[in-house]
Amino acid sequence: MRDAFNQEVHREKLYDLHTLKELIQTNLPLLNEQQKYVFDTLMKVTNDETGGIYFLDAPGGTGKTFLISLILAKIRSQNKIALALASSGIAATLLKGGRTAHSALKFPLNIQSFRQNLKDLRSNHNRFGGAMILLAGDFRQTLPVIPRLTPADELNACLKSSNLWKHVKVLHLSKNMRVELQNDQSGIIFSKQLIDIGNGKFPIDRLTGCINFPQSFCQLTRSKDELIQRVFPDVARNYRNHDWLSERAILAAKNIDLNELNFKIQEQITDELRIYKSVVSATNQDDVVNYPPEFLNSLDFPGLIPHNLQLKVGSVVIMLRNINQPRLCNGTRVTIKKLLNNVIEATILKGKYKREDVLIPCIPMIPTDVPFVFK
Ligand SMILES: Nc1ncnc2c1ncn2[C@@H]1O[C@H](COP(=O)(O)OP(=O)(O)OP(=O)(O)O)[C@@H](O)[C@H]1O
C-alpha cells in the first residue's frame with residue numbers, strides 16, 4: 001500500500017504547471033453560480049487542510065467532469081497531490097490522470113478502510129487524515145449491481161447506507177450545461193423529465209406498479225425495426241462514417257434484445273461475415289464429463305462474449321473488459337476495421353482516443369461467478 005501510494009505521489013509531480021495554469025485561466029471564469037460555489041467550498045477546505053468528505057450530487061450533463069477537472073488542476077498547480085480515482089475504467093478516462101481505484105491503490109475501493117489508510121499515510125488523526133475527499137455521482141441512476149442478490153442488498157451496498165454517510169456534506173449541481181450550451185429546448189424538457197423520474201415525481205400506476213410516460217416524454221416507436229430505422233437510418237451507406245456512428249447507440253436492458261437488434265443492424269452491412277467460435281471446456285477434470293463442450297457452448301453469461309461471435313467490418317463493438325487501459329477498457333466503443341484469424345483491428349469511436357486504431361487479441365477467460373470453473 002505504501003509503495004502504491006509513493007508511486008502515485010511520484011506521478012503527481014509530473015504535471016506541466018504551465019498547462020494546468022492555462023486550463024484554470026480559461027475555465028474558471030466559465031463556472032456557473034452553483035459550480036463556483038462548489039469550487040470555492042472545496043478549495044477552501046483543501047487549502048486550510050480541514051478536509052472532510054463531500055458528495056457532489058449532480059445529474060448527467062451538469063458539469064461534474066468539467067468542474068472536477070478544474071479542481072484537480074487547481075490543486076495540482078499548487079504542487080499538492082490530487083488523485084482522480086474512478087470505479088470503472090471508462091469513467092477514469094474522463095479525468096486527467098484518472099485511474100481506477102483498483103489499479104491505483106492495488107485494492108478495491110472501500111471507503112471505510114480507505115479512511116483508516118489515509119490517517120496512517122498522512123500521520124493525521126482527523127477523518128480521512130485531513131484530506132478533502134470528493135465523491136461524485138447521481139443517486140437517481142442505477143443502484144450498484146450485485147449478481148443474484150435482492151434489491152435490499154443493492155440498497156445496502158449504496159454509499160447512503162454506509163456509517164460514513166452521516167459525515168458526508170452534500171453539494172448540488174442542477175443546471176444541465178450540456179443542453180444549456182446547445183440551447184436545445186426539447187433537450188431541456190427531457191433532462192427535467194429524467195430528473196423528475198429520478199426524484200420519484202412521476203405518478204405510479206397502482207395496478208402495475210410502473211410509471212407511465214407522458215406523451216411528450218420522447219419519440220416512441222412500435223417495433224424494433226422502426227427503432228433501428230430511426231436511430232440508424234440507412235446503415236448500409238452510413239456505417240463507414242465514424243462521426244455518424246459515434247453519435248448513436250441503442251440501449252436495452254437484456255442481452256437477448258441487444259443480440260436481436262445487433263443482428264438486424266449488422267445484416268444491413270454488406271461486408272463479408274466472419275464467425276469466431278470460442279473453445280470452451282471445464283478446467284477441472286472431474287467436471288469435464290458433467291459439463292461437455294456442447295452444453296458449455298449453449299450458455300450465455302452476462303459479461304462474456306457469445307460462443308458464436310459473428311462480426312463484419314464496420315460493426316460496432318463495446319468492450320466488456322479492461323484489456324489495456326486507458327484505451328481499451330470496459331465501456332470503450334470501437335468499430336471493426338480488419339478481421340484477422342486471431343486478432344481484430346478496430347478504431348475507437350468516442351472519447352480522448354477517438355480515431356486511434358487498436359488491436360484486440362483472443363483472450364482466455366474464466367468466469368468466477370458460476371458454480372463450476374470453465375475456460
Ligand atoms: N461552466 C461551463 N462552461 C462551459 N461549458 C461547460 C460548463 N460546465 C459544463 N460544460 C460543458 O457541458 C458539457 C457537460 O459537462 P460534463 O461532461 O462535465 O457533465 P457531467 O456532469 O460530467 O456529465 P455526465 O454525468 O453525463 O458525464 C461538457 O461539454 C462540458 O464541457
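Numbers below:
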{"read-out": "Test: residue in the range 135-145 that is among the aliphatic types (A, V, I, L, M), away from the ligand (no atom under 13 Å from the Cβ), modelled with pLDDT of 85 or more and under 22 Å from the mean Cα position of the chain (by Cα)", "value": "yes"}
{"read-out": "Enumeration of residues in the range 172-184 that are modelled with pLDDT of 85 or more and either acidic (Asp, Glu) or away from the ligand (no atom under 13 Å from the Cβ) (or both)", "value": "GLU180"}
{"read-out": "When residues of the range 46-87 are limited to those that are more than 18 Å from PHE114 (Cβ to Cβ) and small (Gly, Ala, Ser), the one modelled with the lowest pLDDT", "value": "GLY60"}
{"read-out": "Complete set of residues in the range 329-358 that are part of a strand (DSSP E or B) and touching a Phe, Trp or Tyr at 6+ places or on another chain (Cβ under 9 Å)", "value": "THR335, LEU339, ILE344"}
{"read-out": "Residues that are more than 16 Å from the ligand (Cβ to nearest atom), polar (S, T, N, Q), touching a Lys or Arg at 6+ places or on another chain (Cβ under 9 Å) and on the phi < 0 side of the Ramachandran plot, drawn from the range 60-103", "value": "SER77"}
{"read-out": "Among the candidates GLU272, GLU267, GLU260, GLU247, residue that is without any contact (Cβ under 8 Å) to a residue 60 or more places away in the chain, within 16 Å of the ligand (Cβ to nearest atom), more than 20 Å from PRO59 (Cα to Cα) and surrounded by fewer than 15 Cβ atoms within 10 Å (Cβ to Cβ)", "value": "GLU247"}
{"read-out": "The lone exception for LYS106 - which of (1) within 23 Å of the chain's Cα centre (by Cα); (2) at pLDDT 80 or above; (3) of a type in the set (Lys, Arg) it fails", "value": "(2)"}
{"read-out": "Boolean, ASP153 is acidic (Asp, Glu) and within 16 Å of the ligand (Cβ to nearest atom)", "value": "no"}
{"read-out": "Subset of the range 58-92 (residues that are within 17 Å of ALA131 (Cα to Cα) and assigned to a loop (DSSP other than H, G, I, E, B))", "value": "GLN78, ASN79, LYS80, ILE81, ALA82, LEU83, ALA84"}
{"read-out": "Among (1) within 15 Å of the ligand (Cβ to nearest atom); (2) under 22 Å from ARG99 (Cβ atoms); (3) in a helix (DSSP H, G or I) - the single one PHE55 does not satisfy", "value": "(3)"}
{"read-out": "Qualifying positions in the range 222-251 - of a type in the set (D, E, K, R) and under 27 Å from the mean Cα position of the chain (by Cα)", "value": "LYS224, ARG230, ARG240, ASP243, GLU247, ARG248"}
{"read-out": "Among residues of the range 28-52, those that are assigned to a helix (DSSP H, G or I), within 22 Å of GLY98 (Cβ to Cβ) and within 14 Å of the ligand (Cβ to nearest atom), counted", "value": "5"}
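The values are calculated or read from the model by the stated rules, or taken from the named source; none is laboratory data. Note that the coordinates shown come from a computational prediction; the quantities given were computed from them, not determined experimentally. For neighbour counting, all protein chains shown are included, and Cβ atoms are generated from backbone atoms with ideal geometry for every residue, glycine included.
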